[in-house]
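Take a look at the structure below.
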Amino acid sequence: MCMFCAAIPAALAVGVNAQARQNRSEKEAETRGEEPDRPKVPPKAVTAAVVAGLAVASIVYHTQLYN
């Protein structure tokens, strides 16, 4: 498995963890009666961008490798 293909599941795992931490902190803030902090860029968007970039890099790598 190439480095790009191996990095996709790792990036997804990091993104899911970041989203879970954000959800947890929002719920804790709501239970305290505070307004939850909103990130400038949500973890879902960052994860999607990283995975899309890795997928494109993987496609380019695999098409150039076998030519």
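For the charge dipole of the chain, defined by +1 on Lys and Arg C-beta atoms and -1 on Asp and Glu C-beta atoms about the Cα centroid, which residue among HIS62, CYS5, GLN19 has the Cα displaced farthest towards the positive pole?
Selected residue: HIS62.
Using r as the Cβ-Cβ distance of ALA45 and CYS5, and R0 as 22 Å, what FRET efficiency do you calculate, to the nearest 0.05?
That gives a FRET efficiency of 0.45.
Treating only the Cβ atoms of Lys and Arg (+1) and Asp and Glu (-1) as charged, compute the dipole magnitude of the chain about its Cα centre; round to the nearest 20 debye.
The dipole magnitude comes to about 140 debye.
Hey, what angle do you get for helix 3-32 against the long axis of the chain, alpha-carbon based, 0 to 90 degrees rounded to 10?
10
Can you tally the net charge around PRO39? Count Lys and Arg as +1, Asp and Glu as -1, for every other residue whose Cβ sits under 13 Å from the Cβ of PRO39.
Residues close to PRO39 contribute a combined charge of +2.
Where a number appears in this text, it was derived from the coordinates with a stated rule and is not lab data. What you see is a predicted model, and the numbers here were worked out from it, not measured in a lab. So basically every Cβ, Gly included, is an ideal-geometry build from the backbone, and we count neighbours across all protein chains shown.
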